[in-house]
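S.K.: One structure, pasted below without further comment.
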Amino acid sequence: MDGSDIVVVASNGGSDRAPDWWVNLQHHPYAELELEGRARRVIAEQASADAYLRLSQRFAEAFPCFDAYRSRTARVLPMIVLRPAPPGGTPIVRGS
């Protein structure tokens, strides 16, 4: 958590390929997730460069595997900020 935002990393285990969920969110940033038994509507965006530095440091401290994932790939592992979506916002696109 970062305030009211949820932060996730599109690491795909350190693969050179971005995870499908991140590719999907780049095309349709509105999503719904469940956290602590509660459904939340969010809008996803990649963290800014300044936020990336701060958030990646926090991730490295909280999740020791994060540095290992970063060492496995040449790509920068995107930090994704999931902000609460405004009420009545864009509908969520559900996969088939």
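S.K.: Pull up the range 21-39, narrow it to residues that are without any contact (Cβ under 8 Å) to a residue 24 or more places away in the chain and assigned to a strand (DSSP E or B), then point me to the one that is nearest to V76 (Cα to Cα).
M.R.: Applying the filter and picking the extreme gives E34.
S.K.: Out of all the residues in the range 3-20, which are of a type in the set (A, V, I, L, M, F, W, C) and assigned to a loop (DSSP other than H, G, I, E, B)?
M.R.: If we filter the range 3-20 for residues that are of a type in the set (A, V, I, L, M, F, W, C), which is where we start, we get 6-10, 18.
If the condition is that a residue be of a type in the set (A, V, I, L, M, F, W, C) and assigned to a loop (DSSP other than H, G, I, E, B), then A10, A18 are the ones that fit.
S.K.: Filter the range 72-96 down to residues that are modelled with pLDDT under 95 and among the polar types (S, T, N, Q) and give me whichever is farthest from R17 (Cα to Cα).
M.R.: So the residue we want is T90.
S.K.: Further, regarding this structure: Does any residue of the range 49-63 turn out to be touching a Pro at 6+ places or on another chain (Cβ under 7 Å) and either of a type in the set (A, V, I, L, M, F, W, C) or surrounded by fewer than 13 Cβ atoms within 10 Å (Cβ to Cβ) (or both)?
M.R.: No.
The values are calculated or read from the model by the stated rules, or taken from the named source; none is laboratory data. Just so it is clear, the structure is predicted and the values come from calculations on it, not from any experiment. All Cβ positions, glycine included, derive from the backbone under ideal geometry; neighbour counts span all protein chains shown.
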